[in-house]
1. I'd like the residue in segment B:101-156 that is within 14 Å of chain A (Cβ to nearest Cβ) and more than 24 Å from B:G214 (Cβ to Cβ) and, out of all such residues, is surrounded by the most Cβ atoms within 10 Å (Cβ to Cβ).
2. Is it fair to say B:S80 is at pLDDT below 90 and farther than 18 Å from B:V137 by Cα?
3. If you check B:E170, B:E129, which single one turns out to be within 19 Å of B:F204 (Cα to Cα), modelled with pLDDT of 95 or more, of a type in the set (D, E) and not in a loop (DSSP other than H, G, I, E, B)?
4. Report whether or not A:E115 is out of contact with any Cys (no Cβ under 6 Å at 6 or more places or on another chain), under 16 Å from A:R57 (Cβ atoms) and either modelled with pLDDT under 95 or surrounded by fewer than 17 Cβ atoms within 10 Å (Cβ to Cβ) (or both).
5. Considering only residues that are outside any helix (DSSP H, G or I) and within 13 Å of chain A (Cβ to nearest Cβ), look in segment B:22-73 and name the one that is farthest from B:G213 (Cα to Cα).
6. Given the criteria without any contact (Cβ under 8 Å) to a residue 24 or more places away in the chain and assigned by TED's automatic domain parsing to the domain that holds B:E210, does B:T138 qualify?
7. If you check every pair at least six apart or on different chains, which have Cβ atoms under 8 Å apart with a residue in segment B:112-125 that is modelled with pLDDT under 95 and among the small types (G, A, S) first and a residue that is surrounded by 11 or more Cβ atoms within 10 Å (Cβ to Cβ) and in a strand (DSSP E or B) second?
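The values are calculated or read from the model by the stated rules, or taken from the named source; none is laboratory data. Note that the structure is a prediction, hence the values are computed from the model and not measured. FYI the Cβ positions are ideal-geometry reconstructions off the backbone, even for glycines, and counts take in every protein chain you see.
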Amino acid sequence: MTSVLIVDDELFIVELYRDILQLRGYRVVGTAFDGEEALRKYTQSPEKPDVVIMDHRMPIMNGVEATKEILRMNPAAKVIFVSADVLVEKEARDAGAVDFLPKPFRMDDLIEKMEKISDSHAQ
Amino acid sequence: MTDMQNQRERNDRLSFFMDLAGHDMMNSNQAVLSYLELIMAAPDVTPKTKKYAEKAVAHVRSSTMLVEDIRRLLAARLASSEPMKAVNLTNSIARSERELRAFFPAKKIKITTAGNLGDVYVLGESVAEYLILNMLVTLVKLDIEENVEIGISVRETTVGGNECWVLRMEDQNSQLPPGLRGDDFDSVYSKDSSVSVKITGLIFSKMIAESLGGQFVTQELVRQGERRGAALIATLRRARSP
């Protein structure tokens, strides 16, 4: 079962992703409300999540910086960037995000991208 | 402080506020869209409820587009002093086609191009690509049928000594609001709000095209004396392939 860390500063968005992903059979192993908390949870987690769903505009540390730090720690980490800032896509990909979805997106599109990552893990 | 500095500061503040408001609205739309998806996917949902939810999805997408219109225009305006980069419209059309179907899940949309368009490089990068999506969405919104067919063609031209591409999209069931001709949207926009709300997408398309140094016009299609759809035509500055 694919494990996920959800990072977004809006509680209702975190709850939304968590509810839908759990309904679709994913295991949400953690949630974080800013980049720094995401980094801390990622570091402390004994089992690294298969996928990190990362927002950009957050207090303390933004998504691009958090993505860079996570990938510095674990170059194999898979970060899917989701943001209402479409102009940040290039920055996110340059930071190492494997994919980018502009908000609002269809959850089916997110799940399709996560399945692609699960498939590549399985091979 | 000079008037110009004051103006720049006001612009910066406006831009900052619009950006924040837009960001928050996208988050809200994300929640609405996702819950509608849940409703549509529920095993006990009736076909009627599903249809209502599909229509609601189109409205969420519309409100998203309005916010994005404003953000893009501001971005284009603020970046107007920087050199513009190229984008291949053929790729933009393919990407926009996919987005368009997600935008209107209740409609069956078919897009055909006049032959192989090949490489059609224009200036404006993501703003030009956004214009393509905006034109397609506007055309579909002006078409009340469930089955929508859009034809796309491109041709070369020269405007004011600049090489350009003319992009034409037409739909034989789209209806332009009465009184709208060519590119004279501004007068219609200010005269009658019941008409102007129907042409917001056209106004934005025109503003975006002009911010890229191009043009945008509409054309009513008439066959045997009857109104038979509409064409949206954007003229964009040609770019070399990057």
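1. That would be B:F104.
2. So B:S80 passes the test.
3. It is B:E170.
4. For A:E115, the condition - out of contact with any Cys (no Cβ under 6 Å at 6 or more places or on another chain), under 16 Å from A:R57 (Cβ atoms) and either modelled with pLDDT under 95 or surrounded by fewer than 17 Cβ atoms within 10 Å (Cβ to Cβ) (or both) - is not met.
5. B:P43
6. no
7. B:A114/B:G151; B:A114/B:I152; B:A114/B:S153; B:A114/B:V154; B:G124/B:V87; B:G124/B:L236; B:G124/B:R237
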